[in-house]
Amino acid sequence: MWLSFAVGSALFLAMRRVYEKKLTAYFGNFSISFVTLAFSLPFTLALFLFLPIPMSIGDLPWRFWWPLIVIWVVLYPIQNYLLYRSLREAELSEVTPVGSLLPVFNAVSSFFIIQEVPTLSGGVGIIVTVFATYLLLTDLPAEASAQVGVRAEGKKKYNLPVLFMIGSVICTAIGSTLDKVAVEVSTPVFYSFVNIFGASIVFLILAFATGQHRELKQVRRFLPTLTMLGVVLTLGFTAAMFAFSYGPTSYVLALRSGGFLLAALWGIVFLHESLSRKKITALILFVLGTFFLAVG
């Protein structure tokens, strides 16, 4: 059952990244985080009519709340700041495949927090995925070097948006393990609502603190897009929580990584993004790495 939910979540995740890429041109990192989450709240709440919620919300244990506090206060702000900087400053096909590192980083956090251990096949997938990421990290065409930031270390230069995405993926990987901890003592739809509701408040505060609240005036201009994104986020996030409830975290994330590859393919086919030998090789390796992780 978790397999179907993971695949469904991957498809919605690919759609979400395409919409978010468009919105980064008009919203700041915290304002876009707030509006996308806020628009998903009514749809997540509507799922209460069809899916179970805890019998007694007041009796939820500390194990439900402490992961959420860490996610809200620490992981979400860093994760989304880096995510939207990365999407804004680079092509979809350049940064979204880095999301395939999710099960790699999650294998570490899941081992220490919930004692999940990857198989030999999963280990092969990790190695292949890490090498593919290195190819993207060092892929700096002349035009890209002039348009995006790079970081020099010795004689090497690294693609800064890819580094941002790596940082965001690390936060997401840790957060996914914490999601599993909390959802196991709750229900997927209730946890999804509480997670999104709390994060919305945090990002609204950050938007005001950084002056990005002024950008919220543009919401009316993007009502259809934001409404669609709200539905996509609700279905994708809730499907992921159901998958976490039934399957190993790292393997669920391995299948969800397919969504990042679909978003990259969208960028290449429909947005006519650039292709280099390194990028083509990296994309092929990401597919292979995701396959080995999923099989593992």
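The values are calculated or read from the model by the stated rules, or taken from the named source; none is laboratory data. Computed from a prediction, not measured in an experiment: that's the story for all the values here. Heads up, the Cβs are rebuilt from the backbone with ideal geometry, glycines too, and the neighbour counts pull from every protein chain shown.
Looking at the structure I just gave you, is F244 within 13 Å of S9 (Cβ to Cβ), touching a residue at least 12 places away in the same chain (Cβ under 8 Å), in a helix (DSSP H, G or I) and touching a helix residue (DSSP H, G or I) at 6+ places or on another chain (Cβ under 6 Å)?
So F244 fits the description; yes.
Taking the numbered list (1) touching a residue at least 40 places away in the same chain (Cβ under 8 Å); (2) surrounded by fewer than 24 Cβ atoms within 10 Å (Cβ to Cβ) in turn, F50 passes all entries but (1).
Evaluation of F244 against the conditions (1) among the aromatic types (F, W, Y); (2) modelled with pLDDT of 90 or more; (3) surrounded by 23 or more Cβ atoms within 10 Å (Cβ to Cβ) shows that the sole unmet condition is (2). Taken together, the criteria exclude L68 from residues that are of a type in the set (A, V, I, L, M, F, W, C), modelled with pLDDT under 95 and either surrounded by 21 or more Cβ atoms within 10 Å (Cβ to Cβ) or not in a loop (DSSP other than H, G, I, E, B) (or both). May I ask you to verify whether R85 is modelled with pLDDT of 95 or more, basic (K, R), touching a Ser or Thr at 6+ places or on another chain (Cβ under 9 Å) and buried (at least 16 other Cβ atoms within 10 Å of the Cβ)? So R85 fits the description; yes. When each of L229, L223, L233, L206 is tested for being out of contact with any Leu (no Cβ under 9 Å at 6 or more places or on another chain) and surrounded by 20 or more Cβ atoms within 10 Å (Cβ to Cβ), the lone residue that passes is L206.
Might you let me know whether the range 262-278 holds any residue that is closer than 28 Å to I196 by Cβ and touching a Pro at 6+ places or on another chain (Cβ under 7 Å)? Yes: one or more hits. Of the residues A107, A132, A144, A152, the single one that is assigned to a helix (DSSP H, G or I), more than 30 Å from I205 (Cα to Cα) and at pLDDT below 70 is A144. Being under 17 Å from the mean Cα position of the chain (by Cα) and closer than 24 Å to W72 by Cβ: is that true of A209 here? The answer is no for A209.
In the range 1-47, the residue that is nearest to the chain's Cα centre (by Cα) out of those that are surrounded by fewer than 21 Cβ atoms within 10 Å (Cβ to Cβ) and of a type in the set (S, T, Y) is Y19. Counting residues in the range 212-229 that are within 17 Å of the chain's Cα centre (by Cα) and aliphatic (A, V, I, L, M) gives one or more.
Residue by residue, here is whether (1) at pLDDT 95 or above; (2) part of a helix (DSSP H, G or I) holds:
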position: L13; (1), (2): no, yes
position: R16; (1), (2): no, yes
position: F27; (1), (2): yes, no
position: A38; (1), (2): yes, yes
position: P54; (1), (2): no, no
